[in-house]
1. List, please: which pairs have Cβ atoms under 9 Å, are six or more places apart or on different chains, and start with a residue in the range 80-93 that is under 18 Å from Gln118 (Cα atoms) and end with one that is among the aromatic types (Phe, Trp, Tyr)?
2. On the basis of being at pLDDT below 50 and surrounded by 14 or more Cβ atoms within 10 Å (Cβ to Cβ), does Arg29 make the cut?
3. It is to be established whether one or more residues within the range 74-84 are at pLDDT 95 or above, touching a Pro at 6+ places or on another chain (Cβ under 9 Å) and either assigned to a loop (DSSP other than H, G, I, E, B) or over 20 Å from Leu162 (Cβ atoms) (or both).
4. Hey, among the residues in the range 94-120 that are more than 16 Å from Val171 (Cα to Cα) and among the polar types (S, T, N, Q), which one's surrounded by the most Cβ atoms within 10 Å (Cβ to Cβ)?
5. Taking the conditions exactly as written (modelled with pLDDT of 95 or more, open to solvent by 10 Å² or more (accessible area, probe 1.4 Å) and either more than 17 Å from Gly56 (Cβ to Cβ) or in contact with a His (Cβ under 6 Å, 6 or more places away or on another chain) (or both)), does His148 satisfy them or not?
6. Being under 19 Å from Arg74 (Cβ atoms) and open to solvent by 30 Å² or more (accessible area, probe 1.4 Å) is the filter here, so list the residues in the range 151-178 that pass it.
7. Could you please find all residues in the range 91-121 being of a type in the set (A, V, I, L, M) and in contact with an Asp or Glu (Cβ under 7 Å, 6 or more places away or on another chain)?
8. Run down Leu134, Leu85 and say which single residue is among the hydrophobic types (A, V, I, L, M, F, W, C), open to solvent by 70 Å² or more (accessible area, probe 1.4 Å) and within 14 Å of Ala169 (Cα to Cα).
Amino acid sequence: MTPAPAPVTASTEPPGPRRYSPGVAPTDRGRGLLLLLSLGLVLACGGGSGPTAPVGPAVAEVEQRSFSLLNGARAAAGVTPAFGLDPDVARVARRHSESMRDHGFFGHRDPEGRTLEQRLAEAGISYRGAAENLARVVGAADPAAWAHEQLLASTEHRQNILNGGFELAGVGVARQGDGYWITQVFLKR
């Protein structure tokens, strides 16, 4: 196996002020904000007299749109080939997004210290190069587009998206309320 391109470790979060509830630990920021947003939604809908539908697009829709936006950016920049969608890579990406949501972290290493390379190896995926982009989006009407714009604005993330050496990609999304964790994994076989 030849050396892989250096993985990018930068990540992006929505800009703007962060609001924290008193007594909420930093790892519980999203949960505290979600609680406040949920309470606001219940009050806006008549005090909780009945169930309400989740806000925002479904996970599968965000995954598909995100993948489509990746190939659109490559086409606009004249980069070939277009990414092929790899369902196994998408599963690795989705599991990482779910892990970030479920364990209250945002980063390329999970709480057990596993890296992208270790997660791919555990899934039995062979490759010659790999990279990963992460985004955390809250409250966006189109979370895939918002994340895509932010990732393209970052030099390191843009390099991953427009690297013609990467042939395959998988996008995995996890959701909680109107919050989305988006993981993009790029591979060269």
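1. Val89/Tyr127; Val89/Phe186; Ala90/Phe67
2. On the way: at pLDDT below 50: yes; surrounded by 14 or more Cβ atoms within 10 Å (Cβ to Cβ): yes.
Against the criterion (at pLDDT below 50 and surrounded by 14 or more Cβ atoms within 10 Å (Cβ to Cβ)), Arg29 qualifies.
3. No, the range 74-84 has no match at all.
4. Checking each candidate, the answer is Thr115.
5. Details: modelled with pLDDT of 95 or more: yes; open to solvent by 10 Å² or more (accessible area, probe 1.4 Å): yes; either more than 17 Å from Gly56 (Cβ to Cβ) or in contact with a His (Cβ under 6 Å, 6 or more places away or on another chain) (or both): no.
No; evaluated as a whole, the condition is false for this residue.
6. Selection gives Leu152, Ala153, Thr155, Glu156, Arg158, Gln159, Leu162, Asn163, Gly164, Glu167, Leu168.
7. Of the range 91-121, the ones of a type in the set (A, V, I, L, M) are 92-93, 100, 116, 120-121.
The one that is of a type in the set (A, V, I, L, M) and in contact with an Asp or Glu (Cβ under 7 Å, 6 or more places away or on another chain): Leu116.
8. Leu85
The values are calculated or read from the model by the stated rules, or taken from the named source; none is laboratory data. These numbers were taken from a predicted model, which means no experiment stands behind them. So basically every Cβ, Gly included, is an ideal-geometry build from the backbone, and we count neighbours across all protein chains shown. Please note that ligands, DNA and RNA were not included when accessible areas were found on the heavy atoms of the full protein model with its side chains. Shrake-Rupley method; radii C 1.70, N 1.55, O 1.52, S 1.80 Å.
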